[in-house]
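The values are calculated or read from the model by the stated rules, or taken from the named source; none is laboratory data. The structure displayed is predicted, hence computed values, not measured ones. Here the Cβ is made from the backbone with ideal geometry for all residues, glycine too, and neighbour counts use every protein chain on show.
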Amino acid sequence: MSDTPLMMPGFGNDFETEALPGALPQGRNSPQKCAYGLYAEQLSGSPFTAPRSTNERSWLYRIRPSVRHTGRFTKIDVPLWKTAPDRDPHDLPLGQYRWDPLPAPNTPCDFIYGIRTMTSTGDARQHLGMAASLYAFNENMTDRVLLNADAEMLIVPESGTLDIFTEMGRMVVPSGHIAVLPRGMMAKIRTDAKMARGYICENYGAKFTLPDRGPIGANCLANPRDFKTSVAAFEDDDTAHQLVIKWCGGFHTTRLDHSPLDVVAWHGNYTPYSYDLSTFSPVGAISFDHPDPSIFTVMTAPSETAGTANIDFVIFPERWLVAENTFRPPWYHRNIMSEFMGLITGQYDAKEEGFVPGGASLHNMMLPHGPDLDAFEKASNADLVPVKLTNTMAFMFETRFPQQVSKFAAETDQLQDSYIDCWAGLQKQFDGTRKT
Ligand code: FE2
């Protein structure tokens with residue numbers, strides 16, 4: 001599984017790819033008979049009538065049509081993968097919260113059963129909001145296939161390279177890269193590692209896209225060519241499989257006598273993709289102060305209100321700090337948006353300890369947060385020479401809605417009791433007789 005498959009560059013392109021020569025019809029979508037006895041099928045990620053700029057669909061040429069990949073469904077329980085609105089009661093009051101990483105599973109579990117939803121908001125049935133989850137799994141999906149009809153899935157590996165085989169081909173996604181699976185895409189998720197761990201943002205709303213750059217111009221931040229889409233690959237596998245569909249928060253399964261990952265050729269713009277976060281070109285202050293953290297937005301999932309994202313995916317990558325007479329870490333603030341953070345590697349510059357790779361924090365709507373005491377002291381007294389911030393890659397799922405903490409997140413041993421105390425030492429420094 002460790003080889004690196006061919007990928008196609010570009011964001012939102014109209015791609016075409018075939019795993020067998022001549023499998024892709026030319027000049028038409030639905031010929032009377034397809035090559036190799038394939039079935040033609042359209043997969044639409046937007047309403048048929050969506051404006052051209054947001055219209056997304058792909059044509060798939062497959063061994064069996066998708067109707068043969070369903071049957072009579074049985075409801076199953078995946079108890080810790082939650083969907084908004086999540087009404088499981090718990091007693092955790094309002095607060096700023098932080099969690100340690102998930103421990104390794106002590107029994108075999110695959111990606112689906114390794115998911116622990118931490119927060120959710122909005123309503124999947126209304127195509128509003130999101131869920132933030134952690135995953136930790138140690139068993140590969142070999143004969144089980146996931147279809148998430150509720151959400152586009154942004155997967156952020158922290159440890160363990162993921163091997164994601166979707167209907168539209170194969171992606172290898174190590175830590176430091178991300179993968180995006182469009183709503184309704186069937187996939188097997190596997191790893192060569194003993195355990196794979198990371199984060200998932202389920203986007204119930206409009207798909208992620210690239211933010212406008214405004215005065216920044218035509219370059220920097222996430223550049224379209226650094227997004228990579230898989231080439232066609234298929235399984236012609238007539239062994240028993242199980243399809244698991246997540247649909248409006250419920251889980252339903254059906255038994256198949258073959259693999260549904262049977263697309264031999266496809267074309268279109270509704271595709272999975274991956275992205276190497278190290279190709280993000282950060283823009284920042286070169287004189288004093290620093291811009292709002294939105295300057296580090298990799299992708300945004302817009303809402304119907306301009307500038308108000310359903311979700312922003314923001315990273316805090318390695319970069320030079322050069323601002324003069326400036327408190328360089330993120331400033332203290334309160335915010336109408338709600339921030340779920342994770343750490344992929346190293347250390348985050350606003351926290352000296354307690355926030356570790358695989359862990360998570362939640363700063364909900366209008367709750368104050370910022371550097372801990374040690375980070376404040378260090379930054380307030382630092383010699384402001386140019387400094388390269390290295391060995392760091394934090395990220396944020398930021399949403400317009402307040403986030404509901406799940407029962408699991410409220411009651412897990414990984415919840416840190418002491419997080420709020422990281423600011424307790426910030427004492428009054430005010431002296432009305434001393435201006436400087
Ligand atoms: Fe914040």
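Where strands (runs of 3 or more DSSP E) fall wholly inside segment 65-126, the ranges with 3 or more residues that are hydroxyl-bearing (Ser, Thr, Tyr) and either in contact (Cβ under 8 Å) with a residue 12 or more places away in the chain or closer than 20 Å to Ile189 by Cβ (or both) are 115-123. Scanning segment 2-22 turns up at least one residue that is closer than 29 Å to Ile200 by Cα, of a type in the set (Gly, Ala, Ser) and surrounded by fewer than 15 Cβ atoms within 10 Å (Cβ to Cβ).
So in segment 408-436, with the set limited to residues that are within 30 Å of Glu202 (Cβ to Cβ) and exposed (fewer than 15 other Cβ atoms within 10 Å of the Cβ), which one is nearest to the ligand (Cβ to nearest atom)?
Ranking the qualifying residues of segment 408-436, first place goes to Ile420.
Is there a residue being small (Gly, Ala, Ser), over 21 Å from Asp212 (Cβ atoms) and surrounded by 19 or more Cβ atoms within 10 Å (Cβ to Cβ) anywhere in segment 286-304? No, segment 286-304 contains no residue that is small (Gly, Ala, Ser), over 21 Å from Asp212 (Cβ atoms) and surrounded by 19 or more Cβ atoms within 10 Å (Cβ to Cβ). Given the options Val322, Val405, Val314, name the one that is more than 16 Å from the ligand (Cβ to nearest atom), crowded, with 17+ Cβ neighbours inside 10 Å and within 30 Å of Ala124 (Cβ to Cβ). Within the list Val322, Val405, Val314, the selection yields Val405.
Being assigned to a strand (DSSP E or B) and within 29 Å of Thr239 (Cβ to Cβ) is the requirement here; does Phe165 meet it? It is true that Phe165 is assigned to a strand (DSSP E or B) and within 29 Å of Thr239 (Cβ to Cβ). Checking the structure you have, find out if any residue of segment 414-436 is modelled with pLDDT of 95 or more and at positive phi. No: zero hits. Is it the case that segment 170-177 has a residue that's without any contact (Cβ under 8 Å) to a residue 24 or more places away in the chain, under 15 Å from the mean Cα position of the chain (by Cα) and surrounded by fewer than 21 Cβ atoms within 10 Å (Cβ to Cβ)? Yes; the residues of segment 170-177 include at least one that is without any contact (Cβ under 8 Å) to a residue 24 or more places away in the chain, under 15 Å from the mean Cα position of the chain (by Cα) and surrounded by fewer than 21 Cβ atoms within 10 Å (Cβ to Cβ).
When you check Val387 against the structure, is it closer than 18 Å to Tyr97 by Cα, among the aliphatic types (A, V, I, L, M) and touching a strand residue (DSSP E or B) at 6+ places or on another chain (Cβ under 6 Å), yes or no?
Answer is no for this residue.
Among (1) out of contact with any His (no Cβ under 7 Å at 6 or more places or on another chain); (2) within 15 Å of the ligand (Cβ to nearest atom), which single condition is Gly307 missing? Tallying (1) out of contact with any His (no Cβ under 7 Å at 6 or more places or on another chain); (2) within 15 Å of the ligand (Cβ to nearest atom), Gly307 fails exactly one: (2).
Does Ser278 fit the bill of being closer than 29 Å to Ser30 by Cα and among the polar types (S, T, N, Q)? The answer is no for Ser278.
Of the residues examined, Leu343 is one that is within 15 Å of the ligand (Cβ to nearest atom), closer than 21 Å to Thr279 by Cα and surrounded by 19 or more Cβ atoms within 10 Å (Cβ to Cβ). Residues in segment 356-391 that are more than 16 Å from the ligand (Cβ to nearest atom), within 16 Å of Gly346 (Cα to Cα) and hydroxyl-bearing (Ser, Thr, Tyr): Thr390 alone.
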